[in-house]
1. Considering only the range 238-284, how many residues are among the charged types (D, E, K, R), within 34 Å of the chain's Cα centre (by Cα) and either farther than 20 Å from Cys209 by Cα or at pLDDT 85 or above (or both)?
2. Consider only pairs whose beta carbons are under 7 Å apart and that are at least six residues apart or on different chains; among these, list those whose first residue lies in the range 144-156 and is outside any helix (DSSP H, G or I) and whose second residue is modelled with pLDDT under 85.
3. For the range 88-110, how many residues are surrounded by fewer than 17 Cβ atoms within 10 Å (Cβ to Cβ) and touching a strand residue (DSSP E or B) at 6+ places or on another chain (Cβ under 7 Å)?
Amino acid sequence: MSADRLGRGLEALIRPKTERKKSQIVRSASPEKPGVTKIPIKSIKPNPKQPRRDFDENALAELAASIKEKGVVTPITVREADNGYELVAGERRWRAAKKLRLRAIPAYVVVIKNDAEMMEMALIENIQRENLNPIEEATAYRRLADEYGLTQIEIAQSVGKDRATVANYQRLLNLPGEVRADVGAGLLTMGHARALAGLTDARAQRHVCREIKVQDLSVRETETLVKRIASPKAERTGGEAASDVHTRAAEDRLRLALGTKVRIVRRGKSGRIEINFSSETELQRLFEHMTRG
């Protein structure tokens, strides 16, 4: 498979453990780009194994506007199928071109041995073009591992990332469903999601997720909150009694609500609440949060 012909992303495609012949370009009709031909849009059907699940209509409208002005800069990739062609990669470009009611679109036509190889190519092309949200990307890595038997190192090599990055993405799939949905929708960043994955309790993950959105916590603030929840320190001073289970539960709720370390110190029926802050900025945030209303 020629890297310069298939475009950015496909050159890193690696073979599964069972050897397969490389795909080859079979058509060449464009004087502008070798290996590219114009194909009627109505003769192309979508890839049923497309890893992308979310096609944002606003983003498609922006892409269509760009194509209207500059044309399709990067050809799509297709394979021959019954009565036409089947998309391998480039569905967003194909959909945008359909919106513009274009009659034809530039494409690379490749010979692919089987459906499994097509799905692998589509996964890697989408990952390398950074068109997938974190959950879609994590799912793509999981599929490469489960369906093709690729190791994390092999996946990392195929998409040009390090093994730790691949592992971090796959950990996102262990998050609760509602948290994954927020990550997929862009309400939480990859940094937030990676921090949440550090918690093993699903209820705590959901609580912190809500706090991130309500308090607009940064990734660093989220990491600090997660660390405090995951490794609370049982601090005692002088004759102060150790916190009972109800007090610890109250501390945890305050810690989640305020996004910082909170300690309840009891002396009989009285006591005090200690709220930690590490900077003037954090003090200002706590002040505004506690006086809001």
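The values are calculated or read from the model by the stated rules, or taken from the named source; none is laboratory data. Owing to the predicted nature of the structure, the values given are computational and were not obtained by experimental measurement. We place every Cβ from the backbone using ideal geometry, glycine too, and count neighbours over all the protein chains shown.
1. 1
2. Gly149/Pro16; Gly149/Lys17; Leu150/Pro16; Leu150/Leu144
3. Of the residues in the range 88-110, 2 are surrounded by fewer than 17 Cβ atoms within 10 Å (Cβ to Cβ) and touching a strand residue (DSSP E or B) at 6+ places or on another chain (Cβ under 7 Å).
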